[in-house]
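Notes follow once the structure below has been shown.
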Amino acid sequence: MATTAKDLLARARQRIREISPEEARHELDAGAIALDVRETEEVADGHVPSAVHIPRGFLEFKAPQHEALGDPNRAVVVYCKGGSRAALAAETLQDLGYANVSSIAGGYEAWTQGGHPIALPEDADEEEE
């Protein structure tokens, strides 16, 4: 029987650390990097302030070369729109050797619903493809 996307997501969630938006905000305030793995057009609606943007499809290729992600021991908080792509991305980062990775449960939607700060693309220094 073939592995499904649902199976991959369940496995990723067993292997990673999912945190609430509140926990993510504390980690970011303490110096963690926010990593936005949404598509470019999704980022136009806003993002976590100071987030690095690397779309999920480019993560394996761009993360190891990105200046902000150069230290594999630095805390990284990954998010997407609803949390699924971020969970898969967090697992991928761990596979790439990143030691302190977490994923925001509920993604950017949970972040904004929690009243946490957002920035518009022109307000921040973003990494594009």
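The values are calculated or read from the model by the stated rules, or taken from the named source; none is laboratory data. This one's a predicted model, so the numbers in the text were calculated from it and none came from an experiment. So basically every Cβ, Gly included, is an ideal-geometry build from the backbone, and we count neighbours across all protein chains shown. Areas reflect the complete protein model, heavy atoms only, side chains present, ligands, DNA and RNA absent. Shrake-Rupley method; radii C 1.70, N 1.55, O 1.52, S 1.80 Å.
What to note about this one:
- Square roots of five times the Cα gyration tensor eigenvalues for segment 46-129, Å: 20, 15, 11
- Principal axis dimensions, largest first and in whole angstrom, of segment 1-82 by Cα: 43, 27, 26
- Loop-located trypsin sites (Lys or Arg not before Pro) in segment 36-116 (DSSP state other than H, G, I, E, B) with a sparse environment of at most 15 neighbouring Cβ atoms within 10 Å: ARG74.
- Segment 29-129 - share of DSSP beta bridges that are antiparallel (%, nearest 5): 10
- The residues SER20, SER50, sorted by heavy-atom accessible surface at 1.4 Å with ligands and nucleic acids left out, run SER50, SER20 from largest to smallest.
- Its relative contact order, with pairs defined as Cα atoms under 8 Å and 6+ residues apart, puts the chain at 35 percent.
- For segment 73-116, dividing the convex hull volume of the Cα atoms by the residue count gives 49 Å³ per residue.
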